[in-house]
Amino acid sequence: MFAFGIPRSGSSTFGLSTSRDFFQIPPVTVPTVGTVTVVAILLVVLAVVAHLFVDRGATGKVPLWLAAVFAVLFLFLFLTWAAAGLRSVPIPGLLIGSLALATPLIFGSLGGVIGERAGVVNVAIEGQLLFGAFSAAVVGSATHQPLVGLLAAVVGGVLVSWVLAAFAIKYLVDQVIIGVVLNVLVTGLTNFLYSKVLVADPALNSTHRFPRMPIPLLSDIPIIGPVLFQQTIITYLMYVAVFLTWYMLFKTRWGLRVRAVGEHPQAADTVGIKVQRTRFWTVSIAGAVAGIGGAYYTLDAVSSFGKEMTNGAGFIALAAVIFGGWHPIKAALAGLLFGFATNLQSTLGIIGSPVPSEFLLMLPYVITIFAVAGLVGQSRSPAADGKPYIT
Amino acid sequence: MKLQLRGITKRFGALVANDHIDLTVGSGEIHALLGENGAGKSTLMNVLYGMYPADEGEVLLDDVIQHFTGPGDAMSAGIGMVHQHFMLIPVFTVAENVILGHEPTRAGGRLDLAAARAKVREISSRFGFDVDPDAVVEDLPVGVQQRVEIIKALSRDAKVLIFDEPTAVLTPQETDELMGIMRQLKAAGTSIVFITHKLREVREVADRITVIRLGKVVGDAPPTASNAELASMMVGRAVELMIEKDPERPGAEALVVEDLSVIDHNDQYVVSHVSFSVRAGEVLVIAGVQGNGQTELTEAIMGLQPRIEGKISLNGHELSGRSTHGVLDAGVGFVPEDRNEDGLIAEFTIAENLMLDRSSSAPFVRAGSLQLGVLQEFAEQKLTEFDIRAQGIDSLVGQLSGGNQQKVVLARELSRELRLLVAAQPTRGLDVGSIEFVHTRIIQARDAGIPVVVVSTELDEVVALADRIAVMFRGGIVGIVPGDTSRETLGLMMAGEVPAEAAA
């Protein structure tokens, strides 16, 4: 926090609406030095409160709301400082971009959560995303139907899952190793097909993207309306998927059995649950969900497939799984955080902040490492995660 | 329901685990299946429960031949099992564990947890169990977890209940309560198969006893049979159940433990403020139910626990703070609790295992080279002295039986010049014959003037070996009492109560 001691005079401006919005909110401008000072004092107070919680509290943990308030204030402090005297910080743009970048991460992390809850470590999220993106691009272009492309992405994700499931469940290969190998395999395969087929025939690599479908009324809410409710069907599917995954895992018979298989497969076996079959189908579903995330790249973000276009998102999604404590909703929030970190970097670059760009490029990964490292030991993975079940 | 097993044979490769076993359990009967570890009792029950397919033979329920392809089939036929290692999901609630596999649901596959709770409450009240359906299983004491297992089986209307070594994890009081529950179940018409190797329990509760040895039925016995008769059937020869020992001739205080605490990686005190002393030539047995800090206590003495408070000294020399190597060099012999994990290297030969903790200096190592001749001579001698049944000193330890493995550990530890012997659960998983041998050796060490600390969870062993008994409960010592303290008192102490005579 000492870095903020460097005096930056002038004022900082935050834009709160885009030009297309129904409600126009004037940008907010705050004096930089005063705001930074006030917020910094608030942060110190919060840190002291958190310390008291750890010392006195029955659980010895900092409550989540406190951490959240701290994080938001810290961010505000950082932005105020970084944006002093520059162009205004476009808050809606920052958030919209975050959600866009988070969408494949969240689908990927849901795929991870589902697979690992059943006891199969899903390191192949990257491969599932990439193959989903590729399948969606090819089939979507050939049929000119994005919905068919989406279906192809699901199939692509499931295919990768089946290879994972076959080796992990049937042949008891180490799940982390097979996951890594699958990622390499899918990368190589899609690179090859891209160079040999898609480059030669560009008609196979130009999809119709999903149109934006603003939801009436909801999309007119200031700030969050344009962020959450002027999206494509894939983003809406993501909202549904997060809720549905949570509901299915924790409220249904299927979910109870999946979790039993991931925690103590032998106990599940002794009450007549078919462990291997449950794991197989659960991993298939995980692949399908991750595949939808892949479709985001080629049916929503852009309209063509590019080499290695997922660019490590699968691994960040894996970090979101751990950061989210193998819980679908928390993993989705973690995905949002990582999406935000990535987008913050480009936004700060655009407004020309004084932070070196090399540091900004590191930002999402630094946040990922800190988030995951800070949580190790606190969250508990499913007890039989990654362990093959041998009858 | 009447259960019949006819000619059950189960092979694992060349090993015949069950050899044409016949067994009949009548309706409302408690039938004890008695046998040593490795006699094939659990295999037989896993066949009955559909976990393993039988190679030969058939299972009949009320004279109808059954074909089980998995535990699900066995359960729907009315067979329930209370497993030795509980088959409960630790992070699930009681209700969730009970319904797993036959979940009541509402529309859309939504779990009907209200119905599940009602079911748990109904069965608990029927048998007087006090089980909260919303408690998370891992937070419950083992005795209660076992009741959850029983509720789980009963919720599927089990007519035949198999109890696989149910008392291994229980305090004596909990064991008595379990016996009560078994009688209650029997009165309600449930047939019970009770698998155990503990003679006292069998005679207390069983209507009939079938003894199994080396995969074969060796005979039936009435519950009126004596311990000695049952033991000799189990082992195949006459055995001494209580070893003869002379009164102790204690010398000076040798091991002194003062205000010792052990803190685990979760910052919990797993051993808290424990003080005791052991004199030369006496056996102090640390009794208690598994998991009350005994393991951590012995590890603390051996320098295996990173965070300890307090002081441990041996003959006036400080032990606490030394490395494990330093503790061994101070003349401490250690028989670890889990011989496969900590005591032996399965892929090494007997000879190699015999020199494991003397691998840094003479006589077995000179100038960095193994003295194979010296080792061979030493190993041959120990093989005979400790009656280790193996093809030779080059046999791999992993291929030996549990009893012979433990003899290798003992041979190694007792052949050094000892100033203290620490033996944690020295007879766990051993057959009656090997137990006799191990006990004799421990008493010999005592009579040679070595102070001995034995950790045991088995009351029989506590009573057989102890000159004094320290009972541990939740990391603390409840009391230190003389070796002839009654089992009832010890049982109460294991549950954390301090009886008047112990408090004095």
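Looking for something more than 14 Å from chain A (Cβ to nearest Cβ) and modelled with pLDDT under 85 - is there at least one such residue anywhere in region B:132-142?
yes
Across region B:349-393, what is the number of residues that are more than 27 Å from B:Gly403 (Cβ to Cβ) and in contact with a Ser or Thr (Cβ under 8 Å, 6 or more places away or on another chain)?
Number satisfying all stated conditions: 1.
Out of the residues in region B:184-202 that are touching a residue at least 60 places away in the same chain (Cβ under 8 Å), assigned to a helix (DSSP H, G or I) and over 17 Å from the mean Cα position of the chain (by Cα), state the one that is nearest to the other protein chains (Cβ to nearest Cβ).
Checking each candidate, the answer is B:Lys186.
Output yes when any residue across region A:280-301 is over 22 Å from the mean Cα position of the chain (by Cα), buried (at least 17 other Cβ atoms within 10 Å of the Cβ) and not β-branched (Val, Ile, Thr), and no when none is. Spell out how you get there, then give the answer.
Of all residues in region A:280-301, those over 22 Å from the mean Cα position of the chain (by Cα) come to A:280-281.
Narrowing further to those that are buried (at least 17 other Cβ atoms within 10 Å of the Cβ): A:280.
Add one more test, that the residue is not β-branched (Val, Ile, Thr), and what stays is A:280.
Scanning region A:280-301, I find at least one residue that is over 22 Å from the mean Cα position of the chain (by Cα), buried (at least 17 other Cβ atoms within 10 Å of the Cβ) and not β-branched (Val, Ile, Thr), so the answer is yes.
Run down A:Ala168, A:Ala203 and say which single residue is aliphatic (A, V, I, L, M), over 24 Å from the mean Cα position of the chain (by Cα) and more than 26 Å from A:Phe315 (Cβ to Cβ).
Working: A:Ala168 fails: more than 26 Å from A:Phe315 (Cβ to Cβ).
Exactly one of A:Ala168, A:Ala203 is aliphatic (A, V, I, L, M), over 24 Å from the mean Cα position of the chain (by Cα) and more than 26 Å from A:Phe315 (Cβ to Cβ), namely A:Ala203.
If you check A:Val123 against the conditions, is it at pLDDT below 95 and of a type in the set (Val, Ile, Thr)? I'd like the intermediate steps shown before the answer.
Values: at pLDDT below 95: yes; of a type in the set (Val, Ile, Thr): yes.
When the stated conditions are applied, A:Val123 passes them.
Any residue at all in region B:352-367 that is on the phi < 0 side of the Ramachandran plot, in the same structural domain as B:Asn315 (by TED's automatic domain parsing) and among the polar types (S, T, N, Q)? Walk me through it before giving the result.
Filtering region B:352-367 for residues on the phi < 0 side of the Ramachandran plot gives B:352-366.
With the extra rule that they be in the same structural domain as B:Asn315 (by TED's automatic domain parsing), the set shrinks to none.
No, there is no match, as no residue in region B:352-367 is on the phi < 0 side of the Ramachandran plot, in the same structural domain as B:Asn315 (by TED's automatic domain parsing) and among the polar types (S, T, N, Q).
So which of A:Thr270, A:Thr310 is of a type in the set (Ser, Thr, Tyr) and in contact (Cβ under 8 Å) with a residue 60 or more places away in the chain? Before you say what the answer is, go through the steps one by one.
Working: A:Thr270 fails: in contact (Cβ under 8 Å) with a residue 60 or more places away in the chain.
One residue alone meets the criteria, A:Thr310.
Which one of these is in contact (Cβ under 8 Å) with a residue 24 or more places away in the chain and either at the interface with another protein chain (Cβ under 7 Å from one of its Cβ atoms) or in a helix (DSSP H, G or I) (or both): A:Leu249, A:Leu244? Break it down stepwise before answering.
Numbers: A:Leu244 fails: in contact (Cβ under 8 Å) with a residue 24 or more places away in the chain.
Of the residues listed, the single one that is in contact (Cβ under 8 Å) with a residue 24 or more places away in the chain and either at the interface with another protein chain (Cβ under 7 Å from one of its Cβ atoms) or in a helix (DSSP H, G or I) (or both) is A:Leu249.
Of the residues that make up region A:174-186, is at least one more than 17 Å from A:Glu126 (Cα to Cα), surrounded by fewer than 19 Cβ atoms within 10 Å (Cβ to Cβ) and out of contact with any Asp or Glu (no Cβ under 9 Å at 6 or more places or on another chain)? Don't jump to the end; show me each part of the working.
First, pick out the residues of region A:174-186 that are more than 17 Å from A:Glu126 (Cα to Cα): A:174.
Still in the running and surrounded by fewer than 19 Cβ atoms within 10 Å (Cβ to Cβ): A:174.
Remaining after also requiring out of contact with any Asp or Glu (no Cβ under 9 Å at 6 or more places or on another chain): A:174.
Yes.
Test B:Ala74 against the stated conditions and say whether it is buried (at least 18 other Cβ atoms within 10 Å of the Cβ) and over 30 Å from the mean Cα position of the chain (by Cα). Spell out how you get there, then give the answer.
Numbers: buried (at least 18 other Cβ atoms within 10 Å of the Cβ): yes; over 30 Å from the mean Cα position of the chain (by Cα): no.
No, not satisfied.
Taking the residues in region B:109-120 that are of a type outside the set (Lys, Arg), touching a Ser or Thr at 6+ places or on another chain (Cβ under 8 Å) and in a helix (DSSP H, G or I) as candidates, determine which candidate is nearest to the other protein chains (Cβ to nearest Cβ). Don't jump to the end; show me each part of the working.
Our first condition is that a residue be of a type outside the set (Lys, Arg); within region B:109-120, this holds for B:109, B:111-116, B:118, B:120.
Right, trim to touching a Ser or Thr at 6+ places or on another chain (Cβ under 8 Å) and you get B:109, B:111-112, B:120.
Next, from what is left, pick out any that are in a helix (DSSP H, G or I): B:109, B:120.
Values: B:Gly109: 4, B:Val120: 15 Å.
This residue is B:Gly109.
Which of (1) among the small types (Gly, Ala, Ser); (2) without any contact (Cβ under 8 Å) to a residue 40 or more places away in the chain; (3) more than 10 Å from chain A (Cβ to nearest Cβ) is the odd one out, the single condition B:Ser155 does not satisfy?
Failed condition: (2).
Do you know which residues across region B:1-40 are under 23 Å from the mean Cα position of the chain (by Cα) and more than 13 Å from B:Glu56 (Cα to Cα)? Walk me through it before giving the result.
Within region B:1-40, the subset under 23 Å from the mean Cα position of the chain (by Cα) is B:17-18, B:30-40.
B:Ile30, B:His31, B:Ala32, B:Leu33, B:Leu34, B:Gly35, B:Glu36, B:Asn37, B:Gly38, B:Ala39, B:Gly40 - these are the residues of region B:1-40 that are under 23 Å from the mean Cα position of the chain (by Cα) and more than 13 Å from B:Glu56 (Cα to Cα).
Among the candidates A:Tyr247, A:Tyr194, A:Tyr236, which residue alone is surrounded by 14 or more Cβ atoms within 10 Å (Cβ to Cβ) and either within 30 Å of A:Leu94 (Cβ to Cβ) or not assigned by TED's automatic domain parsing to the domain that holds A:Ser109 (or both)?
Working: A:Tyr247 fails: either within 30 Å of A:Leu94 (Cβ to Cβ) or not assigned by TED's automatic domain parsing to the domain that holds A:Ser109 (or both); A:Tyr194 fails: either within 30 Å of A:Leu94 (Cβ to Cβ) or not assigned by TED's automatic domain parsing to the domain that holds A:Ser109 (or both).
Being surrounded by 14 or more Cβ atoms within 10 Å (Cβ to Cβ) and either within 30 Å of A:Leu94 (Cβ to Cβ) or not assigned by TED's automatic domain parsing to the domain that holds A:Ser109 (or both) holds for just one of A:Tyr247, A:Tyr194, A:Tyr236, which is A:Tyr236.
Output the residue which, of all residues in region B:394-413 that are of a type in the set (A, V, I, L, M) and surrounded by fewer than 22 Cβ atoms within 10 Å (Cβ to Cβ), is modelled with the highest pLDDT. Break it down into steps so the answer makes sense when it comes.
Initially, region B:394-413 is screened for residues of a type in the set (A, V, I, L, M), giving B:396-397, B:400, B:408-411.
Those still in the list that are surrounded by fewer than 22 Cβ atoms within 10 Å (Cβ to Cβ) too: B:396, B:400.
Details: B:Leu396: 87, B:Leu400: 80.
Across region B:394-413, the extreme among qualifying residues is B:Leu396.
Give A:Ala50, A:Ala3 a once-over and let me know the one that is crowded, with 17+ Cβ neighbours inside 10 Å and either modelled with pLDDT under 75 or not charged (D, E, K, R) (or both). Before you say what the answer is, go through the steps one by one.
Details: A:Ala3 fails: crowded, with 17+ Cβ neighbours inside 10 Å.
Step by step, each of A:Ala50, A:Ala3 is checked, and only A:Ala50 is crowded, with 17+ Cβ neighbours inside 10 Å and either modelled with pLDDT under 75 or not charged (D, E, K, R) (or both).
Here is a check on your reading of the model: is A:Arg209 farther than 22 Å from A:His144 by Cα and basic (Lys, Arg)? Step through it out loud before you land on a result.
On the way: farther than 22 Å from A:His144 by Cα: no; basic (Lys, Arg): yes.
No, not satisfied.
Residue check: is A:Gly374 small (Gly, Ala, Ser), loosely packed, with under 13 Cβ neighbours inside 10 Å and either touching a Gly at 6+ places or on another chain (Cβ under 8 Å) or modelled with pLDDT under 75 (or both)? Quick ask: steps written out before the conclusion?
Numbers: small (Gly, Ala, Ser): yes; loosely packed, with under 13 Cβ neighbours inside 10 Å: yes; either touching a Gly at 6+ places or on another chain (Cβ under 8 Å) or modelled with pLDDT under 75 (or both): yes.
Considered against the rule, which asks whether it is small (Gly, Ala, Ser), loosely packed, with under 13 Cβ neighbours inside 10 Å and either touching a Gly at 6+ places or on another chain (Cβ under 8 Å) or modelled with pLDDT under 75 (or both), A:Gly374 comes out as yes.
Only one of B:Ala252, B:Ala231, B:Ala221 is surrounded by fewer than 15 Cβ atoms within 10 Å (Cβ to Cβ) and modelled with pLDDT under 90; which?
Numbers: B:Ala231 fails: surrounded by fewer than 15 Cβ atoms within 10 Å (Cβ to Cβ); B:Ala221 fails: surrounded by fewer than 15 Cβ atoms within 10 Å (Cβ to Cβ).
Sole residue among the options that is surrounded by fewer than 15 Cβ atoms within 10 Å (Cβ to Cβ) and modelled with pLDDT under 90: B:Ala252.
Please tell me if A:Pro104 is farther than 19 Å from A:Thr368 by Cβ and either part of a helix (DSSP H, G or I) or touching a residue at least 24 places away in the same chain (Cβ under 8 Å) (or both).
Numbers: farther than 19 Å from A:Thr368 by Cβ: no; either part of a helix (DSSP H, G or I) or touching a residue at least 24 places away in the same chain (Cβ under 8 Å) (or both): yes.
Taking the combined requirement at face value, the residue does not satisfy it.
Mind listing whichever residues of region B:43-69 are within 28 Å of the chain's Cα centre (by Cα) and crowded, with 16+ Cβ neighbours inside 10 Å?
So in region B:43-69, the residues within 28 Å of the chain's Cα centre (by Cα) come out as B:43-54.
Of everything in region B:43-69, those that are within 28 Å of the chain's Cα centre (by Cα) and crowded, with 16+ Cβ neighbours inside 10 Å turn out to be B:Thr43, B:Leu44, B:Met45, B:Asn46, B:Val47, B:Leu48, B:Tyr49, B:Gly50, B:Met51, B:Tyr52, B:Ala54.
Out of all the residues in region B:338-355, which are surrounded by 15 or more Cβ atoms within 10 Å (Cβ to Cβ), β-branched (Val, Ile, Thr) and not in a helix (DSSP H, G or I)?
Just the residues of region B:338-355 that are surrounded by 15 or more Cβ atoms within 10 Å (Cβ to Cβ), to begin with: B:339, B:342-344, B:348-355.
Remaining after also requiring β-branched (Val, Ile, Thr): B:349-350.
Within region B:338-355, B:Thr349 is the sole residue that qualifies.
Limited to region A:200-259, what total is found for residues that are acidic (Asp, Glu) and touching an Asp or Glu at 6+ places or on another chain (Cβ under 9 Å)? Break it down into steps so the answer makes sense when it comes.
Residues of region A:200-259 acidic (Asp, Glu): A:201, A:220.
So of that shortlist, the ones also touching an Asp or Glu at 6+ places or on another chain (Cβ under 9 Å) come out as A:220.
Total satisfying the criteria: 1.
So A:Val154 clears everything in (1) over 24 Å from A:Asn343 (Cβ atoms); (2) modelled with pLDDT under 95; (3) not small (Gly, Ala, Ser) except one condition, right? Which one?
Exception for A:Val154: condition (2).
Check B:Arg147 against each of (1) within 14 Å of chain A (Cβ to nearest Cβ); (2) under 29 Å from B:Leu23 (Cα atoms); (3) buried (at least 17 other Cβ atoms within 10 Å of the Cβ) and name the one condition it does not meet.
(1)
The values are calculated or read from the model by the stated rules, or taken from the named source; none is laboratory data. The model shown is predicted, which means the values in this text are computed figures rather than measured ones. With ideal geometry, Cβ positions are generated from the backbone for all residues, glycine too; neighbour counts draw on all protein chains shown.
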